[in-house]
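Read the figures in this text as sums done on the coordinates, not as results from a lab. Quantities reported herein were computed from a predicted structural model and do not represent experimental measurements. In this analysis, Cβ positions are derived from the backbone assuming ideal geometry, glycine residues included, and neighbour counts consider all displayed protein chains.
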Amino acid sequence: MAEQAYEDRFAPGERVGVLPLGALDRLLDYKAPKDGCAPGAFVEVPLGPRQIVGIVWGPGTGEVPEARLRPVSRILDAPPLRAPMREFLGRAADYTLTPLPAMVRLATRAPGLTEGQAMRHVYRLGPREAGRMTDARARALAVLRDHPEMSFTLGELANMAGVGTAVIKGLVTQGAVVETEAPRDQPYPVLDLDAHGVSLTPDQMLAAAALRIGAEARSYNTTLLKGVTGSGKTEVYLEAVAETLRQGRQALVLLPEIALTGAFLARVEKRFGAPAAEWHSGMTQTERRRLWRMAATGGASLVVGARSALFLPFRDLGLVVVDEEHDTSYKQEDGVLYNARDMAVLRASIEKSQVILASATPCLESWHNAEIGKYARLTLPARVGLAVLPTIKAVDMRLEDIARGNWVSPTLANAVAARLERQEQSLLFLNRRGYAPVTLCRSCGHQLGCPHCDARLVEHRFMRRLMCHQCGETQPMPIACPDCGAEGKLAPVGPGVERLGEEVAALFPTARTAVLSSDLYGSAKSLKDAIEQIADGAADIVIGTQLVAKGHNFPNLTLAGVIDADLGLYGSDLRAAERTFALMRQVSGRAGRAEAPGEAMLQTYQPHHPVIQAILRDDDEGFWRAEAEARRMAGMPPFSRLAGIILSSEDAQEVMDKAVEMSRHIEPLRRIGAEVWGPAPAPIARVRGRHRVRLLVKADRAAPLQDALARWAAQFRFPSDLRLTIDIDPQSFM
Ligand code: ADP
Ligand code: ZN
């Protein structure tokens with residue numbers, strides 16, 4: 001394995017600091033083994049009577065006297081973690097106030113690290129001719145001839161050639177194919193950088209040229225690539241990928257939604273003649289292990305993945321693309337709280353690489369960074385080809401004649417009917433999973449709630465169950481009200497996508513409808529398949545949650561109807577306006593991607609609300625400017641920094657008492673000029689039986705916030721059942 005030339009090995013017997021991969025948050029000193037070891041090497045070291053796995057993090061601390069220093073027991077057969085990666089993990093841990101081992105665990109989530117490389121049987125072209133040539137045999141041999149760099153397993157070769165394994169075994173017997181041993185984890189297919197992409201438009205060419213220069217520079221730079229849905233952002237950043245790979249470096253494309261990867265991988269394969277490596281939670285242990293190793297050794301040149309792919313140990317990461325960079329799923333909200341978008345920028349600044357943040361509706365922070373020149377900015381002004389942006393209209397619900405328990409206005413229904421007649425697709429968007437958000441007893445007024453959370457139970461009629469969207473608790477739908485005992489009085493209140501599906505089926509009995517909601521599909525794969533079938537025309541009316549807003553391409557879709565455009569406006573959340581704006585624009589961007597012009601309709605009771613007005617005027621720059629000004633006036637991010645403090649415990653009194661105590665001893669925070677708000681019960685004051693109290697800390701951008709928070713928290717003793725979470729740059733205030 002190639003080690004980094006710029007890092008000196010530790011000499012035999014030299015003192016090294018080893019970071020244990022377990023819970024211990026400090027370096028332990030050992031002696032380098034008899035052949036020395038590389039910085040970043042995975043090792044086994046003795047700790048008391050046990051052997052534990054750790055990483056040689058750097059020079060020793062000097063805490064253990066020379067005489068008591070024990071040697072490293074064994075160096076594991078895994079590529080060492082390079083210096084830039086260790087620096088990244090250290091700085092990410094400091095930024096998010098995460099213990100270093102917890103951060104390192106994100107980067108070592110590959111099974112089999114301690115086992116070393118296993119071997120497996122692979123198949124290559126043999127020296128002899130096949131006796132009798134059949135179609136099947138010819139196909140198998142052709143695959144081997146076309147991919148001399150690959151070592152196929154029996155299954156892979158059979159699959160790729162479309163033949164049975166017996167055919168290949170037969171060729172082995174004849175000597176036309178040979179069976180050999182190869183390391184189990186093989187490189188991914190080499191991408192053909194000069195395979196044909198589309199011919200770019202002049203705007204796209206300019207943008208691609210700028211990004212290519214960014215790749216050639218081999219220095220840190222971030223570009224906001226802004227363009228409406230369908231303007232060709234993907235085509236453009238794939239050119240940056242190609243240039244990065246030409247430079248011999250690796251590229252990573254982050255996508256927000258696992259369901260998006262299918263269509264994306266197909267495009268990569270079209271552009272580069274071979275598939276990219278995929279990284280997400282749905283992959284097998286075997287694939288994980290392979291990709292982890294191949295990222296480290298350079299056997300994977302382009303990785304496409306979910307946010308956690310940012311923690312792969314790339315040998316030389318030259319480019320990170322964060323597609324749909326505004327998407328909230330880049331923020332990990334449990335375990336280690338980090339924002340993959342921000343961490344991508346941190347990693348790139350250390351690795352001297354390029355970041356491309358792509359979006360039609362960037363988050364305000366990114367927009368602001370481009371405004372002040374911290375990021376470069378490229379704009380793709382138009383949709384490609386004949387496709388024009390949809391016209392966006394408000395449907396003023398105050399004027400619509402609509403029956404109780406119905407949500408599709410006559411105006412929207414007429415527009416859908418027109419699409420049905422023209423055999424075009426319509427999308428009805430409602431960001432509410434399940435049948436109805438509230439179930440109410442008509443006899444006593446009781447609302448069904450979760451026993452563990454301060455949250456309502458949501459009816460999921462498809463599953464015939466009630467479900468808590470906070471903790472996942474499910475119950476069968478009761479017949480009698482649990483409060484007053486009245487039978488047959490429980491009634492749904494408000495719409496969910498399933499209920500909307502019923503309404504649409506009643507309105508358009510002959511139309512084919514499909515409800516797209518993540519909980520209606522058993523696996524990511526079945527969801528992916530459903531999306532592809534719909535794109536191919538399997539449904540006339542698509543009813544969906546925010547899942548459908550995220551970049552799927554439905555070429556025949558010409559109408560996007562938003563059932564409740566006001567839904568996001570009610571929140572007291574700092575980003576409520578921004579999110580509504582982004583979501584509405586993304587949804588309306590679904591319409592009219594191909595030659596047929598599109599139309600978007602927003603059902604609203606507040607057509608004069610500034611956010612609705614900005615969407616209708618299609619004035620995105622105006623919206624961001626106004627929003628930035630409002631944030632500046634309020635001293636809110638990006639003009640300041642926030643940290644959310646969440647305390648939780650099963651004991652309501654204990655958690656509030658502790659929060660009050662913390663709010664009374666804020667000297668370390670005062671010293672940096674920070675403000676502290678709260679404590680107050682969290683908006684969802686109980687989740688999974690734990691009571692939650694929040695504080696909010698606000699500081700100047702330049703103030704050493706993390707350091708002050710650490711000092712502040714260190715003053716208190718926390719009972720073992722009380723949990724303290726510090727959320728830097730919080731997205732959620734629930
Ligand atoms: P975005 O990422 O901005 O939504 P895409 O890159 O997905 O846009 O492009 C939208 C559609 O237009 C895709 O099907 C893409 O293949 C096609 N497309 C983009 N640029 C061109 C071009 N220059 N010539 C032909 N088709 C293009
Ligand atoms: Zn619950």
Charge tally in the Cβ shell below 13 Å around Ala538, where Lys, Arg are +1 and Asp, Glu are -1, Ala538 excluded: -3
Among 82-95, 343-356, what's the highest-first ranking by average C-beta atoms within 10 angstrom per residue? 343-356, 82-95
Computed, not fitted: 222 nm per-residue ellipticity of the chain from DSSP H runs ≥ 4 (each -39500 (n - 2.57)), nearest 500, equal to -9500 deg cm²/dmol
What ranking, highest mean first, results for peptides 230-238, 11-19, 65-73 when packing means the other Cβ atoms within 10 Å averaged over each residue? 230-238, 11-19, 65-73
Order of Lys525, Lys331 - criterion: other Cβ atoms within 10 Å of each residue's Cβ, fewest first: Lys525, Lys331
The chain: antiparallel DSSP beta bridges as a percent of all, rounded to 5: 55 percent
Taking the Cα of Cys444, stepping 7 Å toward and past its beta carbon, and measuring to each backbone N in region 472-488: which are under 17 Å? 478-488
For region 202-380, what does the alpha-carbon gyration tensor say about shape, rounded, prolate or oblate, given a ≥ b ≥ c as the root eigenvalues, a/c under 1.5 as rounded, and a/b over b/c as prolate? rounded
Taking a ≥ b ≥ c as the square roots of the eigenvalues of the Cα gyration tensor, with a/c under 1.5 meaning rounded and otherwise prolate when a/b exceeds b/c and oblate if not, region 273-320 is rounded
For a protection proxy built on the mean count of beta-carbon atoms within 10 angstrom, sort 655-668, 315-328 highest first, please. 315-328, 655-668
The aspartates and glutamates whose Cα lies under 12 Å from the Cα of Lys270, excluding any fewer than 8 residues away in the same chain, are Asp192, Asp194, Glu235
Among His280, Ser359, Leu696, flag the residue with its Cα farthest along the positive direction of the charge dipole of the chain, charges on Cβ as +1 for Lys/Arg and -1 for Asp/Glu. His280
Assigned charges on the beta-carbon of Lys, Arg, Asp, Glu; region 417-463 dipole about Cα centre (debye): 40 debye
If one computes the Cα centroid of region 1-70 and of region 376-430, what distance in Å separates the two points? 62 Å
Just to confirm a number: summing +1 for Lys and Arg and -1 for Asp and Glu over residues other than Ser219 whose beta-carbon lies under 13 angstrom from that of Ser219, what do you get? +1
Förster radius 35 Å - calculated FRET efficiency between Asp454 and Ala714, Cβ distance, rounded to 0.05: 0.70
Where no second cysteine Cβ lies under 4.7 Å, the cysteines concerned in the chain: Cys37, Cys363, Cys471
Net dipole in debye of the chain [+1 Lys, Arg Cβ; -1 Asp, Glu Cβ; about Cα centre; nearest 20]: 1040 debye
Need one number for the chain: average projected area of the convex hull over its C-alpha atoms, nm². 37.9 nm²
Whole angstrom only: what separates the Cα centroid of region 682-729 from the Cα centroid of region 142-175? 57 Å
Name the lysines eligible as straight-distance cross-link partners of Lys525: C-alpha to C-alpha under 17 Å, and not fewer than 8 places from it in the same chain. Lys550
Normalising by the residue count of the chain, find the relative contact order in percent from Cα pairs under 8 Å and 6+ residues apart. 10 percent
Ranked from fewest to most other Cβ atoms within 10 Å of their own Cβ, Met397, Met205 fall in the order Met205, Met397
Nitroxide proxy distance, nm - points 7 Å out along Cα→Cβ at Thr180 and Thr284: 2.4 nm
Which FRET efficiency, nearest 0.05, do Gln653 and His608 yield, Cβ-Cβ r, R0 60 Å? 0.85
Per the C-alpha gyration tensor (a ≥ b ≥ c, the square roots of its eigenvalues), region 608-734 is rounded if a/c is under 1.5, else prolate if a/b beats b/c, else oblate; here it's oblate
Taking the Cα centre of region 202-380 as origin and charging only Cβ (+1 Lys, Arg; -1 Asp, Glu), how large is the dipole, in debye to the nearest 20? 580 debye
How far, in nm, would the chain grow between Leu507 and Trp677 when pulled straight, counting 0.36 nm per residue and subtracting the alpha carbon separation? 56.2 nm
Note on region 640-728: contact order normalised by length, alpha-carbon pairs under 8 Å, 6 or more apart, percent, works out to 47 percent
Starting from the Cα of Glu661, step 7 Å along the direction of its Cβ; do the same at Glu129; then give the gap between the two resulting points in nm. 8.8 nm
Where in region 144-158 does the label zone of Val172 land, with the point 7 angstrom along Cα→C-beta and an amide N cut-off under 19 Å? 144-145, 150-158
Qualifying lysines (Cα of each under 16 Å from Cα of Lys374; at least 8 residues distant if same chain): Lys226, Lys352
